[in-house]
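Worksheet for the structure shown next.
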Amino acid sequence: MNIGWYLVVSALVFCIGAGGVLTRRNPLSILLCLELMLNGANLALVAFARMWGGESGQVFALIVMIVAAAEVTVGLGLIVAIYRRRLPIDVDELSELHG
Amino acid sequence: MTQFIFFVAAIGALGGALGVVLLRNPFYSVLSLAFHLVCLAALFLLLHAEFVAAAQVVVYAGAVMVLYVFVVSYIGGAEQVPSGAVLKVLGPLFALAVAVELCIAMLGSALKGIKTKGAPIHSGFGQPAHIGTQLLTKYLFAFEAASILLLVAAIGAVVLARRRRGLEGGDEEPVRIRLREPDYAGTMAEGAGVRSTRYDELLRPDDESGTQQEPKPEATHTGGW
């Protein structure tokens, strides 16, 4: 398969994730859609690594996975803290830092 | 054969991604994301990224998804609030526009490599030995920074999700129920004429009204024993 096919799949996954981030209001769903966007970027990185025949892109993809894991940890901790304080689990209501 | 696997995995990945966005129940969204990740790992395998594929399945589809499932079952699948009318129309339109733009930008670019199957690779490309060598030599700084980031994230999650006293809604207060003790509980000390003194201290305000009908014990020293 040509590399272009993988890039198209990665672009579609990224855009599905972006649409989900825009339309969903539950922070849990938004985190899931964020994962989709990161995975789309990961697929593009691995595809480009295959295109150049180097392994740097794969290392970059691994680092992206680590960063995603850290983001998930902190995000889920925030959601649990929000739930504990009986605040509404809705990103439109949580606007106290709005300024 | 490669094409068949590619199309199956790509359709699975795209279907899983659509399921994450479209399913209303967060639990099903998480399961859909796990399916999407496994399909993506198959795509990584087709791209000769064995170690990344293994890490994807183990770390992502294993550990991170378990974390998600735990949080979803803890929160209890909060009911989905429908998004606003403007975003409901503009969000998918924006996503579609970005998709078209990305496809045009990538496929219409002058990169010659995307029309090929990729550069010739050495044997063992993408296997753990090579990735590990790269991580510990060329990308050592990124490796160490990632480990520090993971440590900070773990500590931050513990601090964020820990139970704090005083900041909760007050429902964590221990509830003390003051029961009126029966006059005679039938203990041996009462049989010997000594009333239990522990609850007399608590019930003193009631004693003015309550002592008329209750018989006075003979031994009136209630100073404890």
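The values are calculated or read from the model by the stated rules, or taken from the named source; none is laboratory data. These figures come from a predicted structure and were not determined experimentally. With ideal geometry, Cβ positions are generated from the backbone for all residues, glycine too; neighbour counts draw on all protein chains shown.
Numbers below:
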| item | result |
| --- | --- |
| Residue satisfying all of: in the stretch A:26-65; outside any helix (DSSP H, G or I) and more than 22 Å from B:Phe141 (Cα to Cα); farthest from the other protein chains (Cβ to nearest Cβ) among these | A:Asn26 |
| Flag if B:Ala61 is surrounded by 12 or more Cβ atoms within 10 Å (Cβ to Cβ) and either facing chain A (nearest Cβ under 7 Å) or at positive phi (or both) | no |
| Residue count, the stretch B:1-38 (criterion: of a type in the set (Val, Ile, Thr) and within 24 Å of the chain's Cα centre (by Cα)) | 4 |
| Condition check for A:Phe60: at pLDDT below 95, buried (at least 23 other Cβ atoms within 10 Å of the Cβ) and under 27 Å from B:Ala157 (Cβ atoms) | no |
| Members of the stretch B:1-51 that are small (Gly, Ala, Ser), more than 22 Å from B:Leu67 (Cβ to Cβ), assigned to a helix (DSSP H, G or I) and within 7 Å of chain A (Cβ to nearest Cβ) | B:Ala10 |
| Residue match in the stretch A:51-60 (condition: at negative phi, under 13 Å from the mean Cα position of the chain (by Cα) and among the small types (Gly, Ala, Ser)) | no |
| A:Val80 more than 7 Å from chain B (Cβ to nearest Cβ), farther than 30 Å from B:His48 by Cβ, touching a helix residue (DSSP H, G or I) at 6+ places or on another chain (Cβ under 8 Å) and surrounded by fewer than 19 Cβ atoms within 10 Å (Cβ to Cβ) | no |
| Any pair with Cβ under 6 angstrom, 6 or more apart, that starts in the stretch B:20-42 at a residue that is more than 11 Å from A:Glu35 (Cβ to Cβ) and among the hydrophobic types (A, V, I, L, M, F, W, C) and ends at one that is modelled with pLDDT of 95 or more and outside any helix (DSSP H, G or I) | none |
